[in-house]
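Report on one structure; see the data block that follows.
The values are calculated or read from the model by the stated rules, or taken from the named source; none is laboratory data. Worth saying up front: this structure is predicted, and the values here are computed from it rather than measured. Cβ sites come from the backbone with ideal geometry, for glycine too, and all protein chains shown count toward neighbours. Quick note on the areas: whole protein, heavy atoms, side chains included, nothing else; ligands and nucleic acids left out. Shrake-Rupley method; radii C 1.70, N 1.55, O 1.52, S 1.80 Å.
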Amino acid sequence: MSNHQESNTTSTDVLSSLVEQREITDEQAELVRRRMRRSQTTPQQALLDLGFSSEEAIFRCLAQCHGLSFTDLGSEKIQEEARQAVSAKVAFNYRFVPLRLHNKVLTAAFAEPLTMRTREQLRVLLGIRLQPLVTTPSAIRHALKQIYGIGADTVMQIRKDRNFQERVDSVVFDGFQQQDLEAEDAETASIIHLVNQLLIEALELDATDIHIEPFQGQTSVRYRIDGMLRDIPTPPGLRELHNSIVSRMKIMASLNITEQRLPHDGRIRVHIGKEEFDLRVSILPTRFGETLCLRILNRRAIFLEMAELGMNQQNLDILKQLVELPHGIILVTGPTGSGKTTTLYAALARVRFGERKIITVEDPVEYQLDGTSQIQIRSDIGLTFARGLRSILRHDPDVILVGEIRDEETAEIAIRSALTGHLVFSTLHTNDSIGAVNRLIDMGVEPYLVAASLVASLAQRLVRRVCPHCKEPDQLIKPDIRREIADANHIEEDQVQAFYGSGCTECNHSGYRGRVAIFEMFLLNEEIKELVSSRATTIELRRTAYQHGMVSLREEGWQKVQQGTTSIEEVARITGALQIRYLSKNE
């Protein structure tokens with residue numbers, strides 16, 4: 001039987017089998033055949049293009065028709081001996097993943113059944129026999145990145161081209177430094193492709209930061225995913241391309257590629273399909289070269305409605321009332337990366353379309369808000385938060401957003417703006433909501449001014465969501481934690497429930513997928529304002545706030561645990577440093 005006849009027979013078998021398994025209908029099978037004839041493609045590719053069946057179902061059926069076993073690479077443990085037996089070049093050229101090596105027989109996963117010719121070529125190249133398995137193409141791509149590193153095929157090609165150039169061109173031009181030549185090399189298609197691979201992989205993994213750091217013998221690539229840094233496998237030879245990668249990033253961010261002694265800050269805008277991303281680029285000179293940090297800002301993720309922030313209904317109702325106030329200061333507190341900007345933008349979105357003028361002073365301006373005048377701080381020319389605020393007041397705004405209150409002058413102007421009929425939003429770096437009061441006083445603001453102007457302080461943190469695809473009940477809850485969860489939810493201890501993620505391919509075996517905010521709302525009523533004016537301690541303020549119904553960050557975290565949104569370990573990790581303070585609530 002010819003190869004063409006065998007291919008047609010297999011195609012018929014695959015489609016017939018999928019119809020028998022009720023994965024596709026007879027009508028869909030006929031559409032697949034038409035697509036195959038028109039595009040000269042395989043049945044599995046035609047099925048994927050038309051979206052008639054899942055990738056796993058298609059390739060399980062393909063394996064069955066060829067008498068081969070199907071494997072889920074996510075559950076396979078790759079043997080180190082097998083990995084060393086296959087070079088990156090061979091693995092990428094033939095698109096397969098080595099799994100196990102035993103008695104000179106290599107078990108490997110392919111996305112296509114092997115032809116006799118391909119099997120013989122690999123036997124000669126590797127010097128061992130093959131035991132092929134079938135898996136999905138997406139699993140092959142993911143596994144190759146994990147084994148050999150992201151962009152390994154591109155790095156191999158660049159190094160090959162460079163070695164060839166070194167052999168044919170040994171002339172050294174006077175007056176040119178190596179970094180100058182590498183800066184020119186950054187404009188080549190291969191380096192551009194490598195940088196794009198790093199960026200696209202980060203976006204596909206929903207990373208918020210990319211860290212590319214040079215060390216003596218290697219370049220480290222790490223992505224921050226759901227708030228946690230994760231090492232990303234990189235191919236050998238990436239270190240020698242580090243300067244070219246930095247140069248490419250500088251070109252994309254419109255920075256000076258020849259300056260390697262000073263820090264740089266820039267911005268890159270990326271379009272992928274219909275989505276738009278902003279990358280904030282920061283470059284620092286270190287002992288072994290320039291280190292890169294790229295902050296990924298997703299326009300879709302940052303522009304949320306207030307109802308999408310993750311607040312409970314009580315806090316959401318309070319915040320909706322706060323943004324409608326005519327004057328006062330509303331502060332959002334928390335560490336860097338806790339979602340403060342997202343919360344402030346959601347609040348501004350609610351008032352933006354009314355009859356009020358909004359002006360912001362930010363450093364940096366992360367996103368353009370329609371209908372809002374935004375000022376970018378430029379400390380190098382004297383445009384500070386304080387100076388920007390003074391100028392803003394002459395434009396008669398109704399709502400003012402100050403990116404961050406950093407010093408006494410900015411705090412004084414913000415407070416006086418609130419006292420003269422403006423609604424002011426801003427952020428402070430404090431551990432909890434009540435700490436904002438003493439932070440302002442420590443800056444030099446008089447307590448009576450704080451009491452007169454501050455309306456509310458909102459503390460927030462981001463906790464990771466338990467992956468819904470591998471969520472399982474947590475049966476090992478410590479008695480003291482069970483008691484805390486019961487108290488926070490006002491239920492009996494035997495009603496407490498918790499969940500964790502066991503790890504799956506959907507969450508990259510981390511057990512978590514995405515994040516949600518937890519909040520602590522501190523409202524200043526008349527009693528608390530009197531305490532602030534009399535310089536009451538933080539403990540007194542906290543005790544009074546609890547008496548009036550304030551819910552701590554840790555307590556709201558336990559509410560999210562009871563709802564099955566996050567895990568006990570995640571709440572303990574985020575609020576652990578605050579546990580002693582919160583456990584003293586009933587004093």
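A few remarks follow.
- Applying a threshold of 6 Å to beta carbon distances and a minimum spacing of six or more residues, or different chains, the list of pairs starting in region 474-486 at a residue that is touching a residue at least 40 places away in the same chain (Cβ under 8 Å) and ending at one that is among the hydroxyl-bearing types (Ser, Thr, Tyr) and outside any helix (DSSP H, G or I) reads ASP474/TYR500.
- Residue in region 369-397 that is nearest to ASP278 (Cα to Cα), counting only those that are exposed (fewer than 15 other Cβ atoms within 10 Å of the Cβ), among the polar types (S, T, N, Q) and touching a strand residue (DSSP E or B) at 6+ places or on another chain (Cβ under 7 Å): GLN376
- Those residues of region 250-265 which are open to solvent by 20 Å² or more (accessible area, probe 1.4 Å) and part of a loop (DSSP other than H, G, I, E, B), in sequence order: SER254, LEU255, ASN256, ILE257, THR258, GLU259, GLN260, ARG261, LEU262, PRO263
- Any hit, region 521-539, residues being of a type in the set (Asp, Glu) and surrounded by 14 or more Cβ atoms within 10 Å (Cβ to Cβ): no
- Checked across region 9-32, the condition of being in a loop (DSSP other than H, G, I, E, B), at pLDDT 80 or above, touching a helix residue (DSSP H, G or I) at 6+ places or on another chain (Cβ under 6 Å) and not aromatic (Phe, Trp, Tyr) holds for at least one residue.
- Selection count where residues are part of a loop (DSSP other than H, G, I, E, B) and either more than 20 Å from ILE574 (Cβ to Cβ) or in contact with a Ser or Thr (Cβ under 7 Å, 6 or more places away or on another chain) (or both), scope region 300-336: 9
- Condition met for MET306 (farther than 27 Å from THR565 by Cα and open to solvent by less than 20 Å² (accessible area, probe 1.4 Å)): no
- Listed here are the strands (runs of 3 or more DSSP E) enclosed by region 85-187 that have at least 1 residues being open to solvent by 70 Å² or more (accessible area, probe 1.4 Å) and at pLDDT 75 or above: 96-102, 129-134.
- Verdict on LEU50 being under 29 Å from PRO235 (Cα atoms), in contact with a helix residue (DSSP H, G or I) (Cβ under 7 Å, 6 or more places away or on another chain) and open to solvent by less than 80 Å² (accessible area, probe 1.4 Å): no
- Cβ-Cβ contacts under 7 Å between residues 6 or more apart (or on different chains), taken from a first residue in region 525-539 that is of a type in the set (S, T, N, Q) to a second residue that is outside any loop (DSSP other than H, G, I, E, B), are listed as SER533/PRO447; SER533/TYR448; SER533/ALA451; THR538/GLY435; THR538/ASN438.
- Within region 335-368, the set of residues being of a type in the set (A, V, I, L, M, F, W, C), touching a Phe, Trp or Tyr at 6+ places or on another chain (Cβ under 9 Å) and open to solvent by 20 Å² or more (accessible area, probe 1.4 Å) comprises ALA349 only.
- For region 232-242, the set of residues classified as in a helix (DSSP H, G or I) and buried (at least 23 other Cβ atoms within 10 Å of the Cβ) consists of LEU241 only.
- Lone qualifier among SER247, SER282 - being at pLDDT 85 or above, among the polar types (S, T, N, Q) and open to solvent by less than 30 Å² (accessible area, probe 1.4 Å): SER247
- Among (1) open to solvent by less than 70 Å² (accessible area, probe 1.4 Å); (2) out of contact with any strand residue (DSSP E or B) (no Cβ under 9 Å at 6 or more places or on another chain) - the single one GLN313 does not satisfy: (1)
- Counted residues, region 380-431 - those being hydroxyl-bearing (Ser, Thr, Tyr) and under 34 Å from the mean Cα position of the chain (by Cα): 5
- Residue within region 192-202 that is modelled with pLDDT of 85 or more and not hydrophobic (A, V, I, L, M, F, W, C) present: no
- Qualifying positions in region 285-302 - modelled with pLDDT under 75, touching a helix residue (DSSP H, G or I) at 6+ places or on another chain (Cβ under 7 Å) and not aliphatic (A, V, I, L, M): none
- Scanning region 23-40 for residues that are among the polar types (S, T, N, Q) and farther than 17 Å from CYS61 by Cα, we see that the one that is most open to solvent (accessible area, probe 1.4 Å) is GLN40.
- Conditions (1) over 15 Å from ILE140 (Cβ atoms); (2) in contact (Cβ under 8 Å) with a residue 24 or more places away in the chain; (3) over 32 Å from the mean Cα position of the chain (by Cα); number of the one not met by PHE52: (3)
- Total residues in region 448-495, condition open to solvent by 30 Å² or more (accessible area, probe 1.4 Å) and under 30 Å from VAL424 (Cα atoms): 4
Residues are listed down the side, and each one gets a yes or a no for (1) over 29 Å from GLN146 (Cα atoms); (2) in a helix (DSSP H, G or I):
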| residue | (1), (2) |
| --- | --- |
| MET36 | yes, yes |
| ALA46 | no, yes |
| ASP49 | no, yes |
| ILE58 | no, yes |
| CYS61 | no, yes |
| GLN64 | no, yes |
| GLY67 | no, no |
| GLY74 | no, yes |
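- Of the criteria (1) in a loop (DSSP other than H, G, I, E, B); (2) closer than 28 Å to SER220 by Cβ; (3) not basic (Lys, Arg), which one VAL270 fails: (1)
- Residue match in region 552-574 (condition: closer than 18 Å to ALA436 by Cβ, surrounded by fewer than 23 Cβ atoms within 10 Å (Cβ to Cβ), in contact (Cβ under 8 Å) with a residue 24 or more places away in the chain and of a type in the set (Val, Ile, Thr)): no
A quick yes/no check of all residues on (1) in contact with a Phe, Trp or Tyr (Cβ under 8 Å, 6 or more places away or on another chain); (2) more than 18 Å from ARG387 (Cβ to Cβ):
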| site | (1), (2) |
| --- | --- |
| GLY403 | yes, no |
| LEU419 | no, yes |
| HIS429 | no, yes |
| ALA436 | yes, yes |
